[in-house]
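Each remark here refers to the structure printed beneath this line.
The values are calculated or read from the model by the stated rules, or taken from the named source; none is laboratory data. This one's a predicted model, so the numbers in the text were calculated from it and none came from an experiment. Neighbour counts run over all protein chains shown; Cβ positions are idealised from the backbone, glycine included. Accessible surface areas use protein heavy atoms only, side chains included; no ligands, DNA or RNA. Shrake-Rupley method; radii C 1.70, N 1.55, O 1.52, S 1.80 Å.
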Amino acid sequence: MMEEKEKQLKKAISILYDMELNNYKMTRTIQRLNYEISCLGHPQEFYTPERKYAALNNDWTTSIGCLGVILGAILGGASGCSSTTSFFGSIESGIGGLIGGGIGGFLIGALIGLMFEAIGKANRDSEYEQTYEKEMEVYNTQVERDNKRVEKELKKQKILIAERDALIKRRNKSQEILNGFYMRVGIDKMFRSLIPIGKMNEIIGLNITSSLEGQNGLNDRVRKELREDAFYIKLDEISQKLDVVISKQDRIYNELMSIHSQCENLIDATIQSAQIAANNNKLLSEAVENTRIAAYNSERIAIEENYQSFLMTYKF
């Protein structure tokens, strides 16, 4: 009778440990899915071309205007000097012609300079416009391509959100079932978490002890072998603190590392199927119906029903 009871306890603890491992696997997968979801659907920022307009720099106006002043003054002065035979009259007429010719030459030169500058400005404007149109063509192509990417990513994101939500629902249900199992087996609240129950499963598996209470019982041995913080660490913190709270020589360490690999495989398969579904424009319900996570959830439901049948049949 005692031997049968010990077998039942060993199997019950292995069930509790498997349930904890499963919840850890789901928690880690949910964390990774949250990260993948957060990376999707963000539009890329592109440089927006600006239309430029040429300015009148007045180089031609100033240059030709100055040249017009010189030529006009020379011509005006020469014309004034030759218009009279009197010496003083010639000087007076020359000065007048110089001033008048200079003013007239500047006005004509400035007008010609403005014409040249207007032509130059029109040419520069044309070059700027051609450059702008080419840049806008590249910009519009980039934006259009990125919009298509974002559209596909948003479809993929919706699928992953549905997958994640299904996993959260399954984890919550599994945790509820696990809490009932803990109470059924009579595990103290201090030991109702992954690492303590994993250490308990390791000890009872080695046949070191087969009772919960008493000196050198499972509770006593687990208290002695684990750090205090190992009893309070949460599932979503284990992966970051695993090397701290438990020795690499412990069997549970290797089992958790195996869980990490399983999570990566599950996530990779989920992302790949979501990508294919998004590319093929599948309906959301159809996209999440036949996935690895859906299959995993169905498998765990069947396993937990078997566990429940065992634990509800026997008394501890």
Point to revise | Net +/- balance of residues flanking Y139 in space, Cβ distance below 14 Å, scoring K and R +1, D and E -1 | key: -4
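Can you check what the net charge comes to around I208, using other residues whose Cβ is under 10 Å from the Cβ of I208 (Lys, Arg +1; Asp, Glu -1)? Walk me through the numbers on the way to the answer.
Values: positive: R221; negative: E202.
Residues close to I208 contribute a combined charge of 0.
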Exercise for review: Using θ = phi - 60° and the Karplus relation 6.51 cos²θ - 1.76 cosθ + 1.60, list the HN-Hα couplings for segment 227-242 in order, rounded to whole Hz, with x at every Gly or Pro.
Suggested key: 5, 5, 5, 5, 7, 10, 5, 8, 4, 7, 10, 4, 4, 7, 10, 4
Study note, to complete from the structure: Taking a ≥ b ≥ c as the square roots of the eigenvalues of the Cα gyration tensor, with a/c under 1.5 meaning rounded and otherwise prolate when a/b exceeds b/c and oblate if not, segment 203-316 is oblate
Study note, to complete from the structure: At R0 = 30 Å the Cβ-Cβ FRET efficiency linking N179 and K248, nearest 0.05, sits at 0.50
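At 1.4 Å probe size, put T141, T291 in order of accessible surface, largest to smallest.
Working: T141 60, T291 10 Å².
Of T141, T291, the descending order of accessible area is T141, T291.
Summing +1 for each Lys or Arg and -1 for each Asp or Glu, what net charge is found among the other residues whose Cβ lies under 10 Å from the Cβ of M183?
Local charge sum for M183: +3.
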**Study point:** Whole-Hz couplings from phi, Karplus 6.51/-1.76/1.60, listed for segment 129-141; x for Gly and Pro
**Key:** 5, 4, 4, 4, 5, 5, 5, 5, 5, 5, 4, 5, 5
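Return one quarter of the surface area of the convex hull spanned by the alpha-carbon atoms of segment 145-195, equal to its mean projected area, in nm².
Working: hull surface 19.9 nm².
Its Cα hull, projected and averaged over all orientations, spans 5.0 nm².
For K148 and N207 in one chain, what is 0.36 nm times their gap in residues minus the Cα-Cα distance, to one decimal in nm?
Numbers: separation 59, 0.36 × 59 = 21.24 nm, distance 6.07 nm.
Additional length available on full extension: 15.2 nm.
If DNA, RNA and ligands are ignored and the probe is 1.4 Å, what is the ranking of L256, L212, L206 by accessible area, most exposed first? If you can, show how the numbers build up before the last one.
Working: L256 0, L212 30, L206 105 Å².
Putting L256, L212, L206 in descending order of accessible area: L206, L212, L256.
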Practice item. Apply 1/(1 + (r/R0)^6) to the Cβ-Cβ distance of R227 and H42, taking R0 = 51 Å, and write down the FRET efficiency to the nearest 0.05. Key: 0.80
Point to revise | Nearest-0.05 FRET efficiency for I303 and E6, computed from C-beta distance (R0 30 Å) | key: 0.80
Review point. Cross-link list K10/K169; K25/K152; K11/K224; K5/K25; K199/K224; K173/K199: which exceed 19 angstrom alpha carbon to alpha carbon?
Key: K10/K169; K25/K152; K11/K224; K5/K25; K173/K199
